[in-house]
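J.: Got a structure here, written out as structure tokens. Questions coming.
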Amino acid sequence: MPRLQLKPMLQSILRKRPIRLPPISTRILVAQVTGKIKPSASRKMIAVDIVLVGLEALKESADAFPPLKAAVGGLVFFVQLSSQMSSNRAEMRGVYERIEEIEDSLIRAVPDINSLSPAQASAIEAFDIAVQRICADMELLAKQTKFVRFIRARKHGDALAGFMGRLSAAEVAFSVSVSSDHLSDQDC
């Protein structure tokens, strides 16, 4: 059996990330140089919510003027779709952050790769394959044009929820494999 290299294998997960944000210090430096501080994500979301509530109120009160109601309804639809697209980006980051958390906990839990049993090494390899598949599928979504991501925002939202579910299932399968191997070691 080839020697398992935990750290490089797990770090290969991180190399496949299509979305990278500059460090906070970089954003602050840019803001200082340009003299502009971009509004935070929470401010943007509050602004979107205010616009959405206003549009929905206008839509509900425009019964006497159907063309206005129809126009406002269309605007509400596009604002909601745009909001879904932003939510999808945040959810994608969440999946990558969860992968990092799992990787960090694995690295802390296994300080010496040579101490792994064959079953544990196999469980790590299976988990790595599952994570690489999830990352590849997420990369396909991220490579699409903005227009396509906008049009398919709802489908992508469902797909991202599925990716998080697949990651959770892979984590559970890994945990069960490792704990059952640990139990069988105690029986001997």
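The values are calculated or read from the model by the stated rules, or taken from the named source; none is laboratory data. Note that the coordinates shown come from a computational prediction; the quantities given were computed from them, not determined experimentally. Neighbour counts are summed over all protein chains in view; Cβ atoms, including those assigned to glycine, are modelled from backbone coordinates with ideal geometry.
J.: Checking residue 98 against (1) out of contact with any helix residue (DSSP H, G or I) (no Cβ under 7 Å at 6 or more places or on another chain); (2) at pLDDT 85 or above; (3) not hydrophobic (A, V, I, L, M, F, W, C), which single condition isn't satisfied?
T.: (1)
J.: Related question: Return the only residue of 170, 153, 159 being among the small types (Gly, Ala, Ser), touching a residue at least 12 places away in the same chain (Cβ under 8 Å), more than 30 Å from residue 77 (Cβ to Cβ) and surrounded by 14 or more Cβ atoms within 10 Å (Cβ to Cβ).
T.: Details: 153 fails: more than 30 Å from residue 77 (Cβ to Cβ); 159 fails: more than 30 Å from residue 77 (Cβ to Cβ).
Step by step, each of 170, 153, 159 is checked, and only 170 is among the small types (Gly, Ala, Ser), touching a residue at least 12 places away in the same chain (Cβ under 8 Å), more than 30 Å from residue 77 (Cβ to Cβ) and surrounded by 14 or more Cβ atoms within 10 Å (Cβ to Cβ).
J.: State whether one or more residues within the range 125-135 are in a helix (DSSP H, G or I) and under 22 Å from residue 84 (Cα atoms).
T.: Residues of the range 125-135 in a helix (DSSP H, G or I): 125-135.
Next cut, under 22 Å from residue 84 (Cα atoms) only: 134-135.
Looking through the range 125-135, at least one residue is in a helix (DSSP H, G or I) and under 22 Å from residue 84 (Cα atoms).
The rows are residues; the columns are (1) out of contact with any Gly (no Cβ under 7 Å at 6 or more places or on another chain); (2) in a helix (DSSP H, G or I); (3) surrounded by 11 or more Cβ atoms within 10 Å (Cβ to Cβ).
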| residue | (1), (2), (3) |
| --- | --- |
| 83 | yes, yes, yes |
| 88 | no, yes, yes |
| 98 | yes, yes, yes |
| 104 | yes, yes, yes |
| 107 | yes, yes, yes |
| 114 | yes, yes, no |
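J.: I've got another one for you. Tell me yes or no: at least one residue of the range 109-117 is under 15 Å from the mean Cα position of the chain (by Cα) and at pLDDT below 90. Steps first, please.
T.: Here is the first cut: in the range 109-117, the ones under 15 Å from the mean Cα position of the chain (by Cα) are none.
Checked the range 109-117: no residue is under 15 Å from the mean Cα position of the chain (by Cα) and at pLDDT below 90.
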